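Read-outs throughout are calculated quantities, based only on the coordinates presented, and are distinct from any laboratory measurement. Predicted, not measured: the structure shown is a model, and the values here were computed from it. Ideal geometry is used to build each Cβ from the backbone, glycine not excepted, and the neighbour counts take in all protein chains shown.
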Amino acid sequence: MGSGELAQQRVIVALDVPDEESAIALVDRLEDVTFFKVGLELFTSTGPKILEMLKSRQKSIFLDLKFDDIPNTVAGACRSAARYGVDLLTIHATCGREALKAATEAAQVGAAQAGVKPPKLIAITLLTSISARQLAFDLKIPLELPEYALEMALMAQESGLDGVVCSPQEVVQLRQSCGDDFLLVCPGIRPTWADKADQKRSLTPAQAIVAGANYLVIGRPITTAADPELAWKRISEDLSAIA
Ligand SMILES: O=C(O)c1cc(=O)[nH]c(=O)n1[C@@H]1O[C@H](COP(=O)(O)O)[C@@H](O)[C@H]1O
């Protein structure tokens, strides 16, 4: 595999910026990046026109709106979001089984109505900013963290979702239990030289790929670097070494 190819195929850059202008500036600087994530900050600021900007540049899109509500509401949200023709879409596993099933069906319906490809619907298992201690003491979940993440993933799989968002630290276990066809999308990725900031359960890009992640979501190590192109290049080179 050529230099940078693995990063181009497997790294999604999170565009956590406040407005369209900053997003365009980053996308145009990072010309080798093929897959971008639009999350709550940017989508709340710009609305769907940011998706058109990315499509006009032939980029793949992860629309990360992390829906979390009652079944009827998340189904409606997924139906609407699926009409945009994005590649990946998120919902929280904690919505529960009924909501996950309703969301899965609604995403298919929305995409069919718009005549676009349905998004891969993936569930957040447990945010990568939550530590084992916080899970026990703040969220009062009596399970061990890996067991809790696995239970959320299995519920998502049984409800018909295409995969989950999980920390790279849980990938080996989830891959073993959920099989090769289940998408494992991992944020909380930190090269050795990057600040961990609010991420609690991280691995390096190479470690996450070796563990079996399908996609890595990387934001600040690239987007807030003094030289974002150089940060991307360093990550691409690290990944080329394991290709
Ligand atoms: O759904 C996500 O993408 C997500 C889930 C999760 O558990 N943790 C997590 O960090 N994310 C997102 O992944 C990105 C990580 O960004 P950085 O920490 O800057 O690399 C952010 O856009 C988060 O919203």
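Listing for the model above:
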item: Bins of 5 Å from zero: percent of alpha-carbon pairs in the chain; result: 1, 7, 14, 18, 20, 18, 13, 7, 2, 0
item: Relative contact order computed over segment 1-73 (Cα-Cα under 8 Å; 6+ residues apart), in percent; result: 31 percent
item: Theoretical ellipticity at 222 nm over the chain - DSSP helices of four or more residues, -39500 (n - 2.57) apiece, nearest 500; result: -13500 deg cm²/dmol
item: Antiparallel DSSP beta bridges within the chain, percent to nearest 5; result: 0 percent
item: Dipole in debye (nearest 20) - the chain, about Cα centre, beta carbon charges: Lys, Arg +1; Asp, Glu -1; result: 140 debye
item: Part-to-part distance (alpha-carbon centres) for segment 132-198 and segment 85-111, which is given in Å; result: 18 Å
item: More than 17 angstrom apart: percent of Cα pairs within segment 82-169; result: 50 percent
item: Longest DSSP-loop-exposure-free segment, trypsin sites (Lys or Arg not before Pro), the chain, at most 14 other Cβ within 10 Å; result: 58-139
item: Mean separation of Cα contacts under 8 Å, 6 or more apart, over the residue count of segment 178-243: relative contact order %; result: 33 percent
item: Lysine pairs within the chain, Cα separation less than 21 Å, 8 or more sequence positions apart or different chains; result: 26
